[in-house]
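Just so it is clear, none of the values below were taken in a lab; they were calculated from the coordinates. It should be emphasised that the depicted structure is a prediction, and the values quoted were computed from it without experimental measurement. With ideal geometry, Cβ positions are generated from the backbone for all residues, glycine too; neighbour counts draw on all protein chains shown.
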Amino acid sequence: MQISSIIRRAVAGVAAASMLVAVAACGTSKDNKTAGGEGGNGTIEVVASINQWGSVAKDLGGSHVDVTNIMTKTNVEAHDYEPTSQDVAKFGTAKVAVVNGADYDPWASKASSATKATLVTAAETAGIKEGDNPHVWFSAKVRNNTADAITAAYQKADPSHKDDYAKLNKEWHAKEDQLESKIKDASAKTKDVPYAATESVAWYLADDLDMKDATPTGYAQASANESEPTPSDIKAFQDALKGGSIKMLVFNTQEANSTTDQITGAAKSANVPIVELTEQMPKEYTNLLDWMSALVDQFAKA
């Protein structure tokens, strides 16, 4: 991320904090039909900061939940997102809130902290904290743990349908098991394959595929520190691609810029396969597991 991105995150945090009083008021209004987290049709009101976790929340709640996703587009990063007052107010009417955590969506964590909603923080379910790689939906462990935490939140909020939530949880895990079997099969091709990434978005998925992160150190450190890589970092990356030590390039198209143009250009010149992906779930997918399955196919074919 650029310095301007960091400034925008700070502004977003201040904006979210300044709206907390309004959120609390919204959540306790007697005139609001969704106050207390129950919709007009008796469903549980759920708000998710990003659509990938929202899709999991919907799968696990079925007809008993009404899920609102705050972020649904691939042209904006959650890191940089500046919530509107309407966005923040949605947390005030929710009974369950699902956020990513690990400082990925701090505006959502702040917004939910002033409400009575049961909070599920995906990163925390696997002990992942601020400073760690925050793109945790790519991790099989985090997906499993988060699903169970969401189910527990639903059963607490709506004990009369406890058995329904248990059944939906079992069905979800069966699909996750199929995905993990696919990952295991794909790892027969991807195991120990050295790859590099323009940004460590899919690191957890590559790790589940037993791949070897060969991103040049200087470039990787600059990316992790949210700073610009130096010309020498970029050259080292290009040289590694040209030299054949990197067998696959993972490119986050949401973060395309002049630097990534140089990296992808070098990969194309060296005939290094490129796996293109986005940070947010693309609009053609309504289900996180389907998206992950498609990405596994991309890695296996590259």
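Brief remarks on what is shown
- As a length-normalised measure over Cα pairs under 8 Å and 6 or more apart, the relative contact order of the chain settles at 18 percent.
- Here is the size of region 195-302 from its Cα atoms: Rg then Dmax, 13.5, 41 Å.
- Counting 0.36 nm for each residue step from ASP207 to ASP164 and taking away their Cα separation leaves a gain of 12.1 nm.
- Taking 0.36 nm per residue of separation and subtracting the current Cα-Cα distance, fully stretching the chain between SER85 and LYS156 would add 22.7 nm.
- Pairs beyond 26 Å (Cα-Cα), from LYS162/LYS283; LYS58/LYS110; LYS73/LYS95; LYS167/LYS189: LYS162/LYS283; LYS167/LYS189
- Mean projected area (nm²) of the alpha-carbon convex hull when region 233-296 is viewed from all directions: 4.8
- Over region 150-249, the alpha carbon radius of gyration divided by the compact-protein estimate 2.2 N^0.38 Å works out to 1.60.
- Our summary gives region 188-301 a relative contact order of 26 percent, counting only alpha carbon pairs under 8 angstrom and 6 or more residues apart.
- Structure remark: mean-square fluctuation, Gaussian network model of the chain, C-alpha springs under 10 Å; the largest value among VAL120, VAL76, VAL96 belongs to VAL76.
- Entry note, region 117-217: relative contact order of 27 percent, from Cα contacts under 8 Å with a spacing of 6+ residues.
- Helix 231-243 axis, angle to the chain major axis (alpha carbon atoms, nearest 10°): 70
- Taking SER85, SER55 and counting other C-beta atoms within 10 Å, the order from fewest to most: SER85, SER55
- Annotation: extensible slack from ASP297 through ASP239 equals 18.1 nm (criterion: 0.36 nm per residue apart, minus Cα-Cα distance).
- Aspartates and glutamates whose Cα lies under 17 Å from that of LYS247, excluding same-chain neighbours fewer than 8 positions away: ASP192, GLU199, ASP207, ASP210, ASP213, ASP239, GLU276, ASP297
- Within the shell defined by Cβ-Cβ distances under 10 Å, the residues around VAL67 carry a net charge of -2, with Lys and Arg each +1 and Asp and Glu each -1.
- Around VAL47: net Lys/Arg minus Asp/Glu count, Cβ-Cβ under 11 Å: -1
- Model label points for LYS141 and LYS129, set 7 angstrom from Cα along the Cα-to-Cβ axis, are 1.5 nm apart.
- Cα shape, the chain, gyration tensor, a/c 1.5 rule: oblate
- LYS182/GLU228 FRET efficiency (R0 41 Å; Cβ-Cβ; nearest 0.05): 0.65
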